[in-house]
1. Are there any pairs with C-beta distances below 7 angstrom linking a residue in segment 243-256 that is closer than 18 Å to PHE279 by Cβ and among the acidic types (Asp, Glu) to a residue that is assigned to a helix (DSSP H, G or I) and open to solvent by less than 20 Å² (accessible area, probe 1.4 Å), with the two at least 6 apart or on different chains, and if so which?
2. Is it the case, given these coordinates, that ARG317 is free of Cβ contacts under 8 Å to residues at least 60 places away in the same chain, under 27 Å from ILE388 (Cα atoms) and in contact with a strand residue (DSSP E or B) (Cβ under 6 Å, 6 or more places away or on another chain)?
3. With respect to THR305, is the statement that it is closer than 30 Å to VAL366 by Cβ and not in a helix (DSSP H, G or I) true?
4. Among the residues of segment 57-82, which ones are in contact with a strand residue (DSSP E or B) (Cβ under 7 Å, 6 or more places away or on another chain) and not in a loop (DSSP other than H, G, I, E, B)?
5. Mind checking whether some residue in segment 289-304 is open to solvent by less than 20 Å² (accessible area, probe 1.4 Å), free of Cβ contacts under 8 Å to residues at least 60 places away in the same chain and under 21 Å from the mean Cα position of the chain (by Cα)?
6. For segment 260-272, enumerate the residues that are within 40 Å of the chain's Cα centre (by Cα) and without any contact (Cβ under 8 Å) to a residue 24 or more places away in the chain.
7. Based on what the data block shows, is GLY342 in contact (Cβ under 8 Å) with a residue 12 or more places away in the chain, crowded, with 16+ Cβ neighbours inside 10 Å and on the phi > 0 side of the Ramachandran plot?
8. Please state which one of SER220, SER227 is in contact (Cβ under 8 Å) with a residue 12 or more places away in the chain, open to solvent by less than 60 Å² (accessible area, probe 1.4 Å) and part of a loop (DSSP other than H, G, I, E, B).
Amino acid sequence: MQRRTFMKSLGVATAAGASFGILRHPRRAEAYWGEWPADKLDAMIPVERQAKNVLELYLYGGMNAFDTFYAVPDWGQDTERFLHAYYNQTQARFGQCGLGNTLTDEFAEDANGLLVHLGPWVAPLRARPDIVSRMRILVQRHDLLPHEGANPYALTGSRLGSPRLAGVGASIQRHFLEQPGGLRPTPYAYVLYPGVEFPTDNVLAASAIGLHPGSARPLSVTVDPGSSLSQLLARPSVGAGRDSYDAAVDHYLAAYQQRFRPGGKGQLTRSAERSNFEFAHFARRGAGELSGVLSADLFEGVAGTECSDMSGTDKPRMQARMAASLLTRAQDRARYVHWIDGGLKPNPSAGHDTHDSHVEDSSRNVTHTMQCLADIINAPNENDPGKINLDETMIVINTEFGRTPHRQGQSGLNHWPQGMVNVLIGGPITEAERGIYGAITEAEGFAETYISPAENRMLVMMALGIYPFSSQTFAVGDVAGGVKNQAEAAQRLRDIYMGLKL
C-alpha cells in the first residue's frame, strides 16, 4: 500500500486537512462538533466580538474575594470580618510591599447597588487602567467545601461522578480540531501545571475529557526546570530508527483496521478506541512540530521575588511566559491555555490555601501572580508581538472557592464557596461590559445573586464561538433563571452574565 493511500485510509491530514472518520460527523451529524445550530444563531456572540483565544488563570487552593476582587472597606469594621479580619496586618504588609498609596480602589456597583472596590492583593492589575477598564467580575457560589469536590466542579462545571466531567479545554480542543482544515498534531488546548504534587485534590480534572474522544484531551505540561518534555519530543528512544518505527506501526495499524471491515470490504466499522489510537499515532508522528512549540528555553528556570520573599524557581513567571508564547505564536497558536497557579511560595496546605498566614501568603503569592499576568499583557500602544492583546484574548481568573469572611485560628481563613468571584478580562468584554454581575451580602458573606461553575464554563466556550449545549457538555437545566430552551439559556449567558451590549 502506498503511504498516501494508507494515510487517506486513516483519515490523517492530507492537503485538504481531512479528519478522522469517527471524529467527523458522529452518527451522521451534519455539523462539526460545537457549531451553532442555524436556528440558535441569534443567541451567539457575534463573530467580530468573539475571542480568538482564552487564557485561564486558576488560583489553586482558593482565592479570597474580600481582599482581591470584591473588597468593601466598610464591611466588618466592628466585627473583624471581611477586609478587617486582619486589617492591621494587611495595612502593614501593603505598605511594606510598596503596592501603592491606597489599600483599595473603587470599581463598580454590584447587583444590590453597593459600590465594590478592588482589594490590596490585586494592586498590579489596579495599576493598569487598560486592564481594569475591560474587567467583569462574576459573583459565584456552590456548596462543595473540600478541595476534592470543589476543584473538579470549578474546573469542569460537573460534579464528581458525572460521566461528562471534562475540562473546558477538551471542548475547545475538539471543536477546533474537527473544524474543516483544523486537523494538526500540535494541540489547540494546553493545561500548564506548576510541578507540584496533587495527590488528592483532583486538580487534574482540568485535563479530563469525559465523554469526548481521546483526541480532545488538552496537552498537560508540567512547567518545571526539571521537565524532560522538550527532550522526549525528539523521541530519543527510537533515535535514528524513527522512520522505521513509524512504518512498522503503520503496517500493524493497517492490518488491525482490516478487522473492522466485514468481509474485507466497505467502510471501517465505528470504534472509538481505534480512532483514539489512530490520532495518537498521528500526533506522535508530529512530535517534531510540537518540539518547536514547546522549546527547551520555555522550561528554563527563573528566580522570583515578591515583597522581600524569594524563590529559587518562579513557577508563576515560567507559566506566564509559556502561556504568552503559546497564545501569540505565528504558527500553531493555541486557542486555550489553562495556567494552574500555586503561587511563588505555595502555602504548605496547597497553593493559595491559606488556613494560616493568610496575609503574608496572599500578599506574596496572589500579588506576584497578578504581576506576572499583567506583565504578559500589552499596555496601550505597546504592541509587543510576544504579549497578549486583550482585543484577541479573553482572560479568565478562576478558583475552586473563596475564603471565609471571618478568621480561622490566629492567622488564617477557611474555605468559603458560599461567596466567591471569578473574573473575565478582554475578548468580548469591553469598557461597555465593565462591572459586576451578582452580589454578596454583608450579613453572612453569602452570595445572593450569582452564577454557577457550570455557567462559568459555558461562558468560556461561548466566548470562543463554541455552542455549549450537547450530550458531552451542558444542558438547559444547567442555566438558572427559568430558561425554557437552549436559545433562552444562551441569551441569558451572553446578555445577563457577560453583559454584552449588542
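1. Within 7 Å, the pairs are ASP250/PHE6.
2. Values: free of Cβ contacts under 8 Å to residues at least 60 places away in the same chain: yes; under 27 Å from ILE388 (Cα atoms): yes; in contact with a strand residue (DSSP E or B) (Cβ under 6 Å, 6 or more places away or on another chain): yes.
For ARG317, the condition - free of Cβ contacts under 8 Å to residues at least 60 places away in the same chain, under 27 Å from ILE388 (Cα atoms) and in contact with a strand residue (DSSP E or B) (Cβ under 6 Å, 6 or more places away or on another chain) - is met.
3. Here the answer is yes, as THR305 does meet what is asked.
4. Answer for segment 57-82, where residues must be in contact with a strand residue (DSSP E or B) (Cβ under 7 Å, 6 or more places away or on another chain) and not in a loop (DSSP other than H, G, I, E, B): LEU57, TYR58, LEU59, ALA71.
5. Checked against the condition, which is being open to solvent by less than 20 Å² (accessible area, probe 1.4 Å), free of Cβ contacts under 8 Å to residues at least 60 places away in the same chain and under 21 Å from the mean Cα position of the chain (by Cα), segment 289-304 yields no hits at all.
6. Here is the first cut: in segment 260-272, the residues within 40 Å of the chain's Cα centre (by Cα) are 260, 267-272.
Correct list: PHE260, THR269.
7. Numbers: in contact (Cβ under 8 Å) with a residue 12 or more places away in the chain: yes; crowded, with 16+ Cβ neighbours inside 10 Å: yes; on the phi > 0 side of the Ramachandran plot: no.
Spelling it out, it is not the case that GLY342 is in contact (Cβ under 8 Å) with a residue 12 or more places away in the chain, crowded, with 16+ Cβ neighbours inside 10 Å and on the phi > 0 side of the Ramachandran plot.
8. Working: SER220 fails: part of a loop (DSSP other than H, G, I, E, B).
Selected residue: SER227, the only one of SER220, SER227 that is in contact (Cβ under 8 Å) with a residue 12 or more places away in the chain, open to solvent by less than 60 Å² (accessible area, probe 1.4 Å) and part of a loop (DSSP other than H, G, I, E, B).
The values are calculated or read from the model by the stated rules, or taken from the named source; none is laboratory data. Remember, it's a predicted structure, so these values are computed and weren't measured experimentally. Here the Cβ is made from the backbone with ideal geometry for all residues, glycine too, and neighbour counts use every protein chain on show. When the accessible area is computed, the model is the full protein with side chains, heavy atoms only, and any ligands, DNA or RNA have been set aside. Shrake-Rupley method; radii C 1.70, N 1.55, O 1.52, S 1.80 Å.
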